[in-house]
1. Highest first, please rank the peptides 301-314, 39-52 by the mean number of other Cβ atoms sitting within 10 Å of their residues.
2. Using modelled backbone amide H atoms (1.01 Å from N, in-plane), which distant-in-sequence or interchain residues come within less than 5 Å of Gln36's amide H?
3. Collect residues whose amide H, placed 1.01 Å from N in the peptide plane, falls under 5 Å from the amide H of Thr232; neighbours closer than 5 in sequence don't count.
4. At a Förster radius of 41 Å, what calculated FRET efficiency corresponds to the Cβ-Cβ distance of Ala89 and Leu29, to the nearest 0.05?
5. Along the charge dipole of segment 42-152, pointing to its positive end and built from +1/-1 on Cβ of Lys, Arg, Asp and Glu, which listed residue (Thr86, Met142, Val116) has its Cα farthest out?
6. May I ask you to evaluate 6.51 cos²θ - 1.76 cosθ + 1.60, the Karplus curve with θ = phi - 60°, for each residue of segment 287-303 and list the ³J(HN,Hα) values in order in whole Hz, giving x for glycine and proline?
7. Spin-label point model (7 Å from Cα, Cβ direction): what's the Lys247 to Thr261 distance in nm?
8. Please say if segment 250-348 is rounded, prolate or oblate, where rounded means a/c under 1.5 for a ≥ b ≥ c the square roots of the C-alpha gyration tensor eigenvalues, and otherwise the choice is prolate for a/b larger than b/c and oblate otherwise?
Amino acid sequence: VETIDNGPRLLLVDDEEGFRDSLARRLELRGLHPVQAADGESCLQALDNEPVDVIVLDVKMPDMSGLDILPRVREDHPDTEVILLTGFANTADGVAGIKAGAFDYLAKPIEIDHLVGKIQQAMDKIRRQREKRKEKEFRERMEARMVVAERLASLGAVAGGVAHEINNPLAIINDAAGWLQDVVKQHQPDPPLDKLLAKGLEKITKSVERARLITHQLLLHARGTEPTLAETDMEALAEEARQLMDKEARNKDITISVQATGDATVTTDPHQLRQVLINLISNAIHASEENGQIDIAINGQEELVEISVQDYGVGIPQENLPRLLEPFFSTKAAGQGTGLGLFVTSVIVSRLGGTIDVESDEGKGANFIITLPREASSDDECSNLAGSMSDEMTCRISQALARNIK
Ligand SMILES: Nc1ncnc2c1ncn2[C@@H]1O[C@H](COP(=O)(O)OP(=O)(O)OP(=O)(O)O)[C@@H](O)[C@H]1O
Ligand SMILES: [Mg+2]
């Protein structure tokens, strides 16, 4: 017999004790463990106490007949299936029962194999219904998540538009500051004023550069991503990411340390790696308690550089480990996390020729380790990142959808 959890939960209801006992014993011999009830009242009571998959219900009982009980079961316990037992000469009761929502009926005397077969069929029906419901719930959940992803995408498009618009005035300010700098150098013979002006102009130039970087980032996000390989000091980059997450960390009084051993320079895409670090730090902050600690360690070796982000927070349950990199996998409250952080991280890292590993003890924290080749190759595959990234995303998202729906 098909089992759900620890086997079908059976309830056997018949007023004749001898018949009930012997039927129960024969069912036990086939590995089924029915709970027994002697009348309608105790049947309904048993149902209220704990859920039942299948009720084997005698029709002819003194106080409340099986046909009286049936509508109440259908109403209050729609997931429970009912198999009626009718008298030999009273199969009309069975037909009436089916009309009222019974799964099926059997006429006494009961052929045990026949009954077991019916129970099996009822369980099949229950299982199909559960699967259908699960699928429906999953669809609804995915649709809700797609809405979030779409919102993010349109937000990205808006941000991209704004960034583009801001780039033009930034370029004008930058040119003007450069021109003023030249003027000051050549024509201002007043040293103290000269110094002040030069300082102010330098500030303008630096701020413009910073704003340009930000708009550049936004544009990258809006367009997908183009790789810009550059020699990158991972320690400086980690320091930068730490500063970007400083406010979030301080909200929980979390200390973030950055430590490097060996040669930390990598030829890679610094913008994308900054995003990777920010995703990992953000997750680590989220997983940590107040006053927690996060250690970022960079370990340069011969041909590769390892970057680990270690926290001492809630950790990751074993069963979640295989799903971490899946798009939309998140344990955060609805609407709180997109579940795209680690997915995007893994796509970036693999495109840069690296790998990502996770070590975690539940309750003791998590350690995410990124291993990068010292030099990311700038061959076609990599320079084609913009296109293939979104293709790969689409592909992996649809795979995840297909997997879950199955
Ligand atoms: N450092 C960590 N400690 C414990 N669990 C983690 C850690 N990092 C990730 N996880 C688990 O992995 C899940 C997926 O992480 P991911 O960054 O992809 O999405 P998210 O953080 O839930 O959403 P978002 O990144 O959009 O805020 C998290 O919901 C969390 O359950
Ligand atoms: Mg995250």
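All of the numbers you see were taken from the coordinates with simple rules; none came from a lab. Nothing here was measured: the structure is a model prediction, and the numbers come from that model. All Cβ positions, glycine included, derive from the backbone under ideal geometry; neighbour counts span all protein chains shown.
1. 301-314, 39-52
2. Close amide H contacts, sequence-distant or interchain: Leu12.
3. Those qualifying (amide H under 5 Å, at least 5 residues apart or on another chain) are Val266, Thr267, Thr268.
4. Calculated transfer efficiency: 0.90.
5. Projecting each Cα onto the dipole axis, the largest value belongs to Met142.
6. Using θ = phi - 60°, the values come out as 7, 8, 7, 4, 6, x, 9, 10, 10, 9, 10, 10, 10, x, 10, 3, 9 Hz.
7. 3.6 nm
8. Since a/c reaches 1.5 but b/c is at least a/b, the shape of segment 250-348 is classed as oblate.
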